[in-house]
Structure formats: C-alpha cells, structure tokens
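Here the structure is laid out as structure tokens; the discussion comes afterwards.
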Amino acid sequence: MVYRKILLIIVVAVSLGTLGVLWWNIQTERNLVAAAWAGDHASVSRLVSRRNCDVRDTNGVPLVVIAAARGDLESTHAIVLAGADLEAGTEHGQTALMLAAFWGHKEVYDFLLARGAHLDRQDLDGNTALLQAAIGGRIAIAEDLLRRGADVNTTNRGGRTPLANAASRGFDGMIGLLLSNGARPEVADCQGRTPYDRARERKLTNTAALLTGRSQVKP
C-alpha cells in the first residue's frame with residue numbers, strides 16, 4: 001500500500017512537471033512571436049532556440065517571415081542561425097525572401113540569399129522574389145536578382161510578368177531595368193492585357209510611352 005502511494009505521488013509529480021514544461025514552452029513561443037512583431041531583437045535573440053525557431057503566429061506567419069518583413073536584420077539573423085526553415089511560407093506561401101524583396105529590405109535580402117534562400121521559389125499565386133520586387137519598385141533588389149539569374153519574363157498564375165507589375169504602378173525606372181534585361185513588353189496576362197494596357201488603363205502616360213519606345217525613363 002505504501003509503495004502504491006509513493007508510485008502515485010511520483011506519477012502525479014512527473015505529470016505536473018510535464019505540464020509545467022509544456023506551459024513554459026507555450027509562453028516562451030508567445031513571447032517570442034510578440035517580440036518579433038515588436039522588433040525587439042534583444043528578446044528574440046534571448047528566447048529563440050532550435051526548438052522554437054519555426055514557430056508561427058496565430059495567422060500562420062513563420063517567425064523568420066515576421067522578422068524579414070519588418071526589415072529586422074538582427075532578429076532575422078538570430079532566427080536563421082537557430083535553424084529556421086528559410087523556405088517556410090505564410091498561408092499564401094510567401095517566404096522571408098519574397099517579403100524582404102517586396103519591402104526593399106536589402107540587408108535582410110542579402111543575408112537570406114547568403115544563407116541559401118531560393119530566389120525563384122513561388123508562392124501559391126506563382127509570385128517570385130523578382131515579381132515582388134517589381135511591384136514594390138525595389139530596383140536595387142531586382143537588379144541583383146537579375147544578375148543572379150532570375151527569369152525576367154517569369155509569370156505568376158495570373159500571367160503577369162515583372163514588367164506588368166512595374167507598369168501597373170508606373171515604376172519607370174524598374175521598367176527601364178527590366179527592358180534592358182530582356183523583358184518582353186508584348187507578353188499578355190491571362191486577361192489578355194499587356195504591360196502597355198495596364199499603364200494606359202491607369203492613365204500612366206509616360207509609362208505607356210516608355211513601353212512603346214516613345215519616351216525615356218525619367219531621372
């Protein structure tokens with residue numbers, strides 16, 4: 001009888017200990033995600049580990065994507081060195097590299113590529129880092145992607161090219177870069193619209209003229 005009581009006490013103690021560890025891990029993950037969103041890289045560096053480096057927030061956004069999208073190089077560095085999956089994506093498949101390219105966070109972008117991020121990876125809509133850089137108007141990043149071999153005429157699931165993305169925003173500097181690297185202005189999307197059509201629809205006169213060779217890129 002005494003042995004049974006002792007055994008029961010041991011079982012209860014182990015169970016409580018396990019629950020305590022589980023609670024601690026959950027709380028640590030919550031604090032880690034909150035720190036990443038807040039840009040608190042000191043707390044991120046302190047809390048992140050191999051066990052929790054791939055944690056996601058309540059919307060399914062991976063920790064490394066949060067840090068990269070915010071342009072937080074220190075947090076991104078700590079998360080990646082802890083062993084995070086560089087190709088982990090949001091629910092729409094957007095990776096850390098794609099969002100760094102879209103927002104123009106060049107230092108984060110450079111670090112991710114140096115650690116082996118794939119430059120031609122596509123999200124669920126077929127967008128690549130180059131397509132994201134084009135629609136964000138990030139010329140320095142687009143130029144580097146092209147230098148590394150990114151496909152200048154890649155298309156997403158809607159048939160839109162980087163040139164179409166740039167044309168829809170009136171990013172004439174980006175258009176000049178893409179055209180000089182072999183972008184094809186005659187390529188139409190799945191709705192039959194070319195980059196020129198998109199510029200004209202938005203009354204982007206100089207952009208439309210640039211796409212037909214009747215204008216120069218504005219300084």
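Selection within the range 121-148: residues that are in contact with a Leu (Cβ under 8 Å, 6 or more places away or on another chain) and assigned to a loop (DSSP other than H, G, I, E, B). The member of this set that is surrounded by the fewest Cβ atoms within 10 Å (Cβ to Cβ) is R148.
Just one of A88, A69, A78 is modelled with pLDDT of 95 or more, in contact with a strand residue (DSSP E or B) (Cβ under 7 Å, 6 or more places away or on another chain) and of a type in the set (A, V, I, L, M); which is it?
Values: A69 fails: in contact with a strand residue (DSSP E or B) (Cβ under 7 Å, 6 or more places away or on another chain); A78 fails: in contact with a strand residue (DSSP E or B) (Cβ under 7 Å, 6 or more places away or on another chain).
Step by step, each of A88, A69, A78 is checked, and only A88 is modelled with pLDDT of 95 or more, in contact with a strand residue (DSSP E or B) (Cβ under 7 Å, 6 or more places away or on another chain) and of a type in the set (A, V, I, L, M).
Each row is one residue, and each column tells you yes or no for (1) of a type outside the set (G, A, S); (2) at pLDDT 95 or above; (3) assigned to a helix (DSSP H, G or I); (4) over 21 Å from R138 (Cα atoms).
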{"position": "M174", "(1), (2), (3), (4)": "yes, yes, yes, no"}
{"position": "L178", "(1), (2), (3), (4)": "yes, yes, yes, no"}
{"position": "G182", "(1), (2), (3), (4)": "no, yes, no, no"}
{"position": "E186", "(1), (2), (3), (4)": "yes, no, no, yes"}
{"position": "D189", "(1), (2), (3), (4)": "yes, yes, no, yes"}
{"position": "R200", "(1), (2), (3), (4)": "yes, no, yes, yes"}
{"position": "N206", "(1), (2), (3), (4)": "yes, no, yes, no"}
{"position": "L210", "(1), (2), (3), (4)": "yes, no, yes, no"}
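Could you check the range 108-133 and list, in sequence order, the residues that are charged (D, E, K, R) and within 18 Å of A166 (Cβ to Cβ)?
D125, the sole residue that qualifies.
The values are calculated or read from the model by the stated rules, or taken from the named source; none is laboratory data. Values in this document were obtained by computation on a predicted structure and should not be read as measured data. Every residue, glycine as well, gets a Cβ built from its backbone with ideal geometry; the counts of neighbours run over all protein chains shown.
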